[in-house]
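This report refers to the structure that appears directly beneath it.
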Amino acid sequence: MKIKKGKSKMAKSIKKSLTMTKGSSAKFKKFYDLLSKKRDDIKNTTKQKEENLGYNEIGDEADVASQTFEREFMFELTNGERKILDDIEAALRKIEKDDFGMCESCRKKITDQRLRAMPWARYCIACQSRNEK
């Protein structure tokens with residue numbers, strides 16, 4: 001039985017999935033770096049909010065009501081941040097597949113101006129407008 005030297009196909013595949021492909025690296029490196037930083041920022045912010053969120057309902061009814069309102073508000077912010085985080089993860093996968101910057105609906109190129117403003121955008125402006133109606 002011969003044993004091959006070097007990395008297995010699975011190890012190479014895993015490594016490739018964790019980094020950008022050669023074709024996409026030069027083209028979308030700035031977006032990849034920006035999205036990665038934004039992803040890390042959101043994760044850290046969300047983690048800090050969850051750690052700082054107190055579950056001590058001490059005080060009179062007004063204090064308890066205020067704490068409950070703050071907790072619900074924080075969960076809403078966290079859900080919004082999770083939505084953006086999902087979109088960022090999808091954009092990073094698109095970069096890895098060299099499919100970044102294409103509208104998921106009409107398959108046309110998303111403008112550079114839109115991608116600079118919101119690099120995790122899934123749709124061009126026209127399709128996004130239709131989806132919001």
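Going through (1) outside the structural domain of Arg122 (by TED's automatic domain parsing); (2) at pLDDT 70 or above one by one, Lys7 falls short only on (2). Taking the range 88-124 as the range and being among the acidic types (Asp, Glu) and surrounded by 18 or more Cβ atoms within 10 Å (Cβ to Cβ) as the test, only Glu96 passes.
Applying the set (1) outside the structural domain of Leu34 (by TED's automatic domain parsing); (2) surrounded by fewer than 16 Cβ atoms within 10 Å (Cβ to Cβ); (3) of a type in the set (S, T, N, Q) to Asn79 leaves exactly one unmet item: (1).
Could you say whether any residue in the range 22-34 is loosely packed, with under 11 Cβ neighbours inside 10 Å, charged (D, E, K, R) and modelled with pLDDT under 70? Checking the range 22-34: at least one residue is loosely packed, with under 11 Cβ neighbours inside 10 Å, charged (D, E, K, R) and modelled with pLDDT under 70.
The values are calculated or read from the model by the stated rules, or taken from the named source; none is laboratory data. Predicted model only: the values in this text are computed from it and were never measured. Quick reminder, even Gly has a Cβ in these numbers, built from the backbone with ideal geometry, and neighbours come from all protein chains shown.
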